[in-house]
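Nothing in this text is a laboratory measurement; each read-out follows from the coordinates by a stated rule. Given the structure is predicted, the values throughout are model-derived calculations rather than measurements. Note: ideal-geometry Cβ built from the backbone for every residue, glycine included; neighbour counts use all protein chains shown.
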Amino acid sequence: MRVHRQSPSSSLSAWRASWQEGIGTQYKWLVLTVTTVGSLMASLDENVVIVGLPTLLRELNASLVDGVLVVAGYSLTTTILLVAFGRVGDMFGKVKLYNLGFAIFTAASALCGFALSGSQLVTFRLIQGIGGALLLVNSVAIVADTFPVSELGMALGVNFMAWNFGAIAGYTLGGLIVQLIGWRFIFFVNVPVGIFGTAWAYIKLKETKKSLKEKFDYSGIILYSTGLTLLLMALTLEGSTFMELSLLTLGLLIFPVFVFVERRTKHPALDLDLFRMRSFSAGNIASFLNALAYNAVPFIVTFYLQLVRHLDPLSTGLMFIPMEAVVLLVGPLSGRLSDRYGARGLSSLGLLFNASATFWLSTIRQDTSYTAMLLGLACFGVGRGLFASPNVSSIMRMVPAERRGVANGVRLTLIFTAAALSVPLSLSFMSFTMPYDKLSRLTQGSFLPTPNDTATFLSAIRLAVQVSAFLILLAIIPSLFRGGVNKKPDEIAPVKNK
């Protein structure tokens, strides 16, 4: 019997291939670790100020409008820049922009901690949002570039476990910091972590995909950013009705012009062909509706606990622990299950949990037990854990690698648009029951509410939460129409390039 021996050259080639595979395997886990830290930091600061907001407003002698912008300003800046940064990342390198984002975010965090007035804090939060946009839009794209499609749901599950945990752990961490060492350290704690993360990302990360050799779509970016800015200003800022309607109308008129320009641009900033993919469109619509409602509920619950139940910031933050714990447990599991069974069932079930919990929270009274509140918030966390990872995996796995930066920019833009609008929108619905100026004075603690004021405030809370629950129910419709079990990589239709 003849024995076939490998030549030395073939043995060397096999060894080299095995070594490169091992390096690639190690690198993908390094990427996941680094980007998870960035996602955690960026998402943490989206909500970390909410529990401490009443204290912050009193100590800075700031208005409710300043308070809304401290919460929404971060999301506002991030929203406006996501698509532009996603496109720039595709063209010039996602890792370069990710590293820059870490540095900007860290410096802006220090500035926020030194703010002396409400207007200064709003300004520094806007700068912090620039760094957050660079981190968020590139982290998921870098993970998607590094992991094979068969493992993408698991990898995104871990990444979004950090994102979800950071977004809601901010409530407890914010309350703990405000109670023990003061609200300024909400921002100062980012500085040492940010310095380490900036250096770590710069040393360890490398570009794995070729950059696109295309022209930057300046006209598209300017039109899109201007239109979105006007819309968000109209819905966020308090002013005359004429000014709000003028900004809203002008913003809406810009978007048809933007679509017209983008359809005739060879290399558009926002690739509208992405929306031809059903999973991309359905997943983003469901995510937008859910975020529009979801981000308002913890804000409303915080004001209920501090202004109606008179809890301190630490006790308020501790109330959110069950929600944080179940997200931490359910998030990675749902990501793995979505790789095998698809996103439709898991995401829709998560939305159903969210809607049920929100409807229940709309029944709260002044004497509602804390145990019942904890169970409602835990159910809320189950919904978020089930929905987020499968939904993102469903959106991103269908997108070609060279379009993942802009695709993730579109996805995050919709989420952050919803986040920026959720608090002002909920306050608008609350003002149907309690006048806005009275809401402002109540949150500032400038007058002692009567029993009638408290009852009116509770009615306003219930109305805003009921609207949120209805929006989450609406999100189930596109979630169910996204399609069934995920396609294999070779079945994915490429996006048409102009």
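Some notes on this structure:
- Ranked by how many other beta carbons lie within 10 Å on average, peptides 63-71, 474-482 from highest: 63-71, 474-482
- Cα centre as origin, Lys/Arg/Asp/Glu Cβ charges: the range 24-145 dipole, Debye: 220 debye
- Efficiency of FRET from Cβ geometry, Phe188 and Asn452, R₀ 45 Å, rounded to 0.05: 0.65
- In plain terms, the chain from Ser428 to Arg365 could stretch by 20.6 nm, reckoned as 0.36 nm per residue minus the Cα-Cα distance.
- Inter-label distance, nm, simple model (7 Å from Cα along the C-beta direction), Ser119/Arg340: 5.8 nm
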